[in-house]
Each structure stands twice: as C-alpha cells, then as structure tokens.
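Single-structure report; data block below.
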Amino acid sequence: MLKRLTKILSYRKQFVSLLVGVPSYDTYVTHMNVHHPEDPVKTRKEFFCEAQDERYNAKGGKVSRCC
C-alpha cells in the first residue's frame, strides 16, 4: 500500500511540474547519461535557470510566453 501511494504521489508531482512548465531534472540527467555520456551534466540550478530563461525571456524582441 505504501509503495502504491509513493508511486501515485511521484506521478502527481511530475504532472504538476509539467502543468506549470517545469521540466524534470531527473529525466534530463538520465537522458544525458544514456545518450550523451561524454558531455558534462548541468547542475540542478543551471538546468532550472536555463529552462526558465528559455521559457520567459524574449527572443528577437518578442515575448515567448502566452500571457
């Protein structure tokens, strides 16, 4: 029962993160280790800052978000 509850809560956290546009650092690390083992992995802070920068900063003078 505890395993099932833990699994449900982890899915809930992932869902809410994707809903608000926060990519998963753990998924990124797994991807980098599997597909790009020779490349350095960003720290959690670097990853988050880059994701926020891509989402909210203007590109070419245009707003890159919906609101």
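The values are calculated or read from the model by the stated rules, or taken from the named source; none is laboratory data. Remember, predicted model here, so these are calculated numbers, not experimental data. All Cβ positions, glycine included, derive from the backbone under ideal geometry; neighbour counts span all protein chains shown. For accessibility, only protein heavy atoms count, side chains too; no ligands or nucleic acids. Shrake-Rupley method; radii C 1.70, N 1.55, O 1.52, S 1.80 Å.
Things to note:
- Residue within segment 45-64 that is under 19 Å from the mean Cα position of the chain (by Cα), part of a loop (DSSP other than H, G, I, E, B), modelled with pLDDT of 80 or more and of a type in the set (S, T, N, Q) present: no
- Close pairs from segment 47-59: first open to solvent by 80 Å² or more (accessible area, probe 1.4 Å) and of a type in the set (Phe, Trp, Tyr), partner part of a helix (DSSP H, G or I) and modelled with pLDDT of 70 or more, Cβ under 9 Å, at least 6 apart: Phe48/Tyr25
- Residue satisfying all of: in segment 19-44; of a type in the set (Ser, Thr, Tyr) and open to solvent by 70 Å² or more (accessible area, probe 1.4 Å); modelled with the highest pLDDT among these: Thr43
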